[in-house]
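Q: One structure coming up, written as structure tokens, with questions to follow.
The values are calculated or read from the model by the stated rules, or taken from the named source; none is laboratory data. All values reported here derive from a predicted model rather than from experimental measurement. Cβ sites come from the backbone with ideal geometry, for glycine too, and all protein chains shown count toward neighbours. Remember, those area values only see protein heavy atoms, side chains included, never the ligands or the DNA or RNA. Shrake-Rupley method; radii C 1.70, N 1.55, O 1.52, S 1.80 Å.
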Amino acid sequence: QVQLVESGGGLVQLGGSLRLSCAASGAIFTIYSMGWSRQAPGKQRELVATITSGGSTNFADSVKGRFTISRDKNTWYLQMNTLEPEDTAVYYCNALSRGIRYWGQGTQVTVSS
């Protein structure tokens, strides 16, 4: 199994930046891909960014050019720049391991205008 712990959320002003972190423990050697999703009030959870163990990345169109995803050993990061009110959501990190997707507990990101 894989356990995930997120950190780094908070309140930021329009145009500001935040970096989210996700620390993995357990069977981290089995993780194929890692990523971030978010869920705003009244909306479905949406994929924001992913990174594979080989370093390939993918982003939602709404965050391309503003967000980056990176990994350092058992921790991966979501750097969020030029934040907009539409980015306000609970952000969840996730990891795909042996066909099972594990989720973190979520961290709130609020962008004020």
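Q: If you go through region 49-70 one residue at a time, how many are open to solvent by 70 Å² or more (accessible area, probe 1.4 Å) and farther than 25 Å from GLN3 by Cβ?
A: The total comes to 3.
Q: I've got another one for you. Quick check on region 1-29: of everything there that is over 13 Å from the mean Cα position of the chain (by Cα) and under 17 Å from ARG66 (Cα atoms), which residue is most open to solvent (accessible area, probe 1.4 Å)? So that I can check it myself, show each step before the final result.
A: Just the residues of region 1-29 that are over 13 Å from the mean Cα position of the chain (by Cα), to begin with: 1-3, 10-17, 25-29.
Checking the rest, the ones that are also under 17 Å from ARG66 (Cα atoms) come to 12-17.
Numbers: VAL12: 18, GLN13: 134, LEU14: 103, GLY15: 46, GLY16: 19, SER17: 62 Å².
Across region 1-29, the extreme among qualifying residues is GLN13.
Q: Could you grab me the full set of residues in region 86-99 that are surrounded by fewer than 18 Cβ atoms within 10 Å (Cβ to Cβ) and either at pLDDT 95 or above or of a type in the set (D, E, K, R) (or both)?
A: Keep residues of region 86-99 that are surrounded by fewer than 18 Cβ atoms within 10 Å (Cβ to Cβ), which gives 86, 98-99.
Of everything in region 86-99, those that are surrounded by fewer than 18 Cβ atoms within 10 Å (Cβ to Cβ) and either at pLDDT 95 or above or of a type in the set (D, E, K, R) (or both) turn out to be GLU86, ARG98.
Q: Condition first: surrounded by fewer than 17 Cβ atoms within 10 Å (Cβ to Cβ) and at pLDDT 95 or above. Now tell me which residues in region 71-84 satisfy that.
A: Scanning region 71-84 gives GLN79, ASN81, THR82, GLU84.
Q: Looking only at residues in region 30-48 that are among the charged types (D, E, K, R) and assigned to a strand (DSSP E or B), which one is most open to solvent (accessible area, probe 1.4 Å)?
A: GLU46
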